[in-house]
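Asks: Can you read through this structure? Questions will come right after.
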2 protein chains.
Amino acid sequence: MARPKKEDEKDIPTLAVAVAQRLLEEGGQAQVTMAQVADAVGCSAPALYTHFRNRDALLRAVHDAGFEQLLRDKLAVAVRTQGDSFARLREGGLAYMAFALENPALYRLMFNPPPLPELEGNPFSGDVGLRSLELLENAVKAAQADGFLPDDEPAQIAFTLWSLVHGAASLMIQNRAPLTGCDPARTGREVVDTAMRLIASTRSKGTRYRTP
Amino acid sequence: MARPKKEDEKDIPTLAVAVAQRLLEEGGQAQVTMAQVADAVGCSAPALYTHFRNRDALLRAVHDAGFEQLLRDKLAVAVRTQGDSFARLREGGLAYMAFALENPALYRLMFNPPPLPELEGNPFSGDVGLRSLELLENAVKAAQADGFLPDDEPAQIAFTLWSLVHGAASLMIQNRAPLTGCDPARTGREVVDTAMRLIASTRSKGTRYRTP
DNA sequence: CCATTAATTTAATATTGTTAAGTTTAAAGT
DNA sequence: ACTTTAAACTTAACAATATTAAATTAATGG
């Protein structure tokens, strides 16, 4: 049956990414085989190679879609926290944590990818990654202007805060968190709040911040 | 020639773990094939199955050896920072970061393992992990007694601090750190110092801490 | 000295990513 | 409208790698 008629045409690239993400979340990396994906899409495995150079490229596409979703989430936070730097940091952290815990396998692919050349590239060299990072740096600057946080380089502080939330998410997702028997979502929120308490206690005396 | 004579006997388990770790560090997970390991050990691939149930079990052994090494490093720090809680936190963080950056692939296997059943278990349910964790919690308690840090659960704070250092290490190792063009070792130290500055600024007024 | 067991080897199997060769449809040129 | 070309597939073949089976040799305990 070779090439399909127009009516039977499928948007294989889009379908494949969606299917791959679902399989990923359901059964982990190992379950994302080309045959499985093709099956769920409704084509044969080699057909995928018309649209993706190889399996890694398919995973890379899922990876990229994840970063786009994360950026959308963060933009939404930025919109609804206009003017309150402290809340923006807190809600940004919570949204990030929620994304990670709700899509653990995807998050893993994004931030703890298997060491494949395709996934080595730094996402922050791309547009999506950069804008996501800008959002955090601006929040840090605003918080500094409001008297929070040490007066270090905003980029350095942004990296430190990102590290904290990412680290907690990463440890929890991969069952490396020492706190056992707790609801992960709750633990995640507590980590963010612990961090925010740390940040709150750095407020300088003659502060320009006023709770809105 | 089937079974080797006594003189030709090799300690395959030990050799295999060492070889696997080297291959891992040299070329990443993908290079750790049973054939490669066997070659470097000087036996054939199926021989490995006498000592390890399968490839995952071999990786698990490397993983465990990593945790033992990390614990040794942390114990050394604890010994040389007796009595100074702040220094213990700082040097503990630096040692952890150094371990991660010097053995990136091993660290990855320990904390961002591929999602295999063998590696799912929580290392902190084992003896080595628990002792490593105790060290940090005790350091937190000591720091609190010296007037640092919020008065939350030590376990919660320990997790938050661990998350921070782990997160930074993880991001840098996997090329997800936004700070480009910097020496990773230097960036790692800066993260620890930024965190310590945050901690320092949490010191309550009537502090019991005095710089030694 | 013999029987059993342990440690290996080579050979065979299974799974999975990937490539090759062939087929059908769509699109473009005349 | 007809021919040609290219695109999007399919099935069949290939290659690499983990794993298992069968066969072989050395140690060990009676």
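Every number here is computed from the coordinates shown, using simple stated rules; none is lab data. This one's a predicted model, so the numbers in the text were calculated from it and none came from an experiment. Cβ: placed from backbone, ideal geometry, glycine included. Neighbour counts: every protein chain shown.
Asks: Can you give the local net charge around A:Arg88? Use residues other than it whose beta-carbon is closer than 14 angstrom to its beta-carbon, Lys and Arg +1, Asp and Glu -1.
Replies: On the way: positive: A:Lys74, A:Arg80, A:Arg90, A:Lys141; negative: A:Asp73, A:Asp84, A:Glu91, A:Glu134, A:Glu137, A:Asp146.
Local charge sum for A:Arg88: -2.
Asks: With a cut-off of 8 Å between alpha carbons and a minimum separation of six or more residues, what is the relative contact order of chain B in percent?
Replies: Values: 176 pairs, mean separation 42.7, N = 212.
It rounds to 20 percent for chain B.
Asks: May I ask you to report, in nm to one decimal and beginning with the shortest, the distances from B:Ala57 to the same position in the other copies, taking label points 7 Å along Cα-to-Cβ?
Replies: Here B:Ala57 shows inter-copy label distances of 3.9 nm.
Asks: Could you work out the local net charge near A:Leu116, counting Lys and Arg as +1, Asp and Glu as -1, over the other residues with Cβ closer than 11 Å to its Cβ?
Replies: On the way: positive: A:Arg55, A:Arg60; negative: A:Asp56, A:Glu118, A:Glu120.
Summing Lys/Arg as +1 and Asp/Glu as -1 gives -1.
Asks: Could you state the number of Å between the C-alpha centres of the stretch A:84-155 and the stretch B:138-172?
Replies: 21
Asks: Which aspartates and glutamates, on any chain, are close to B:Lys10 with Cα under 16 Å apart, when same-chain ones fewer than 8 places away are left out?
Replies: Filter leaves B:Asp39.
Asks: What whole number of Å gives the distance from the Cα centroid of the stretch A:1-80 to the Cα centroid of the stretch B:179-201?
Replies: 37
Asks: Specify the angular offset, from 0 to 90 degrees and rounded to the nearest 10, of the alpha carbon long axis of helix B:55-80 from the longest principal axis of the alpha carbons in chain B.
Replies: Roughly 30 degrees between the two axes.
Asks: Working from the alpha-carbon coordinates of the protein assembly as shown, get Rg over Rh, Rh being the Kirkwood radius.
Replies: Numbers: Rg = 23.6 Å, Rh = 23.3 Å.
Reported Rg/Rh (Cα atoms, Kirkwood Rh): 1.01.
Asks: Please rank B:His51, B:His63, fewest neighbouring Cβ atoms within 10 Å first, as an exposure proxy. Write out the running numbers ahead of the final one.
Replies: Working: B:His51 17, B:His63 21.
Placing the least packed residue first, the sequence is B:His51, B:His63.
Asks: For the stretch B:1-120, report the convex hull volume of the alpha-carbon atoms normalised per residue, in Å³, without decimals. All intermediate terms of the calculation are to be shown ahead of the outcome.
Replies: Values: hull volume 14.1 nm³, N = 120.
Convex hull of Cα atoms, per residue: 117 Å³.
Asks: In addition: Express the relative contact order of the stretch A:11-52 as a whole percentage, based on alpha carbon pairs under 8 Å and six or more residues apart in sequence. Working shown, then result.
Replies: Details: 32 pairs, mean separation 17.9, N = 42.
So the answer I get is 43 percent.
Asks: Which whole number in µm²/s is D for the stretch A:127-172 by Stokes-Einstein, with the Kirkwood Rh taken over Cα pairs at 25 °C and 0.890 mPa s? Please report the intermediate quantities before stating the final value.
Replies: Working: Rh = 11.2 Å.
Rounded, D is 220 µm²/s.
Asks: How would you classify the stretch A:95-141 from its alpha-carbon gyration tensor, with a ≥ b ≥ c the square roots of the eigenvalues: rounded for a/c under 1.5, else prolate if a/b is greater than b/c, otherwise oblate? Before the final figure, lay out each step's value.
Replies: Working: a/c = 3.19, a/b = 1.26, b/c = 2.54.
Note, shape of the stretch A:95-141 comes out oblate.
Asks: Give the nm distances, rounded to one decimal, from B:Cys182 to the matching residue in every other copy, measuring between label points 7 Å along Cα toward the beta carbon; shortest first.
Replies: Once sorted, the set of distances for B:Cys182 reads 2.9 nm.
Asks: State the Kirkwood hydrodynamic radius of the stretch B:11-52 in Å, one decimal place, computed from all pairs of distinct Cα atoms.
Replies: Details: mean 1/r = 0.1013 Å⁻¹.
One over the average 1/r among Cα pairs gives 9.9 Å for the stretch B:11-52.
Asks: Something else: Of all the residues in chain A, which one has the C-beta that comes nearest the axis relating A to B, and what is the distance in Å?
Replies: It is A:Gly167, 1, counting Cβ atoms only.
Asks: Further question on the same structure: Tilt of helix A:184-200 relative to the longest C-alpha principal axis of chain A, in degrees (0 to 90, nearest 10)?
Replies: Taking the Cα atoms of chain A, the angle to A:184-200 is about 30 degrees.
Asks: Evaluate E = 1/(1 + (r/R0)^6) for A:Glu153 and A:Leu116, where r is the Cβ-Cβ distance and R0 equals 30 Å; express this FRET efficiency to the nearest 0.05. Kindly include the intermediate steps, with their values, before the conclusion.
Replies: Details: r = 32 Å, r/R0 = 1.08.
Efficiency, from the Cβ-Cβ distance: 0.40.
Asks: Please work out whether the stretch A:105-212 counts as rounded, prolate or oblate from its C-alpha gyration tensor, where a ≥ b ≥ c are the square roots of the eigenvalues and a/c under 1.5 means rounded, while otherwise a/b larger than b/c means prolate and anything else oblate? Each step should come with its number before you reach the end.
Replies: Working: a/c = 2.91, a/b = 1.35, b/c = 2.16.
It is oblate, given that a/c is not under 1.5 and a/b is not larger than b/c.
Asks: Here's a follow-up. Given the rule -39500 (n - 2.57) for each run of at least 4 DSSP H residues, summed and divided by the residues of chain B, what is its mean residue ellipticity at 222 nm, to the nearest 500 deg cm²/dmol?
Replies: On the way: 9 runs with 136 residues, N = 212.
Computed mean residue ellipticity for chain B: -21000 deg cm²/dmol.
Asks: For chain A, report the translational diffusion coefficient in µm²/s to the nearest whole number, using Stokes-Einstein at 20 °C, 1.002 mPa s, and a Kirkwood Rh over Cα pairs.
Replies: Values: Rh = 19.1 Å.
Answer, rounded: 112 µm²/s.
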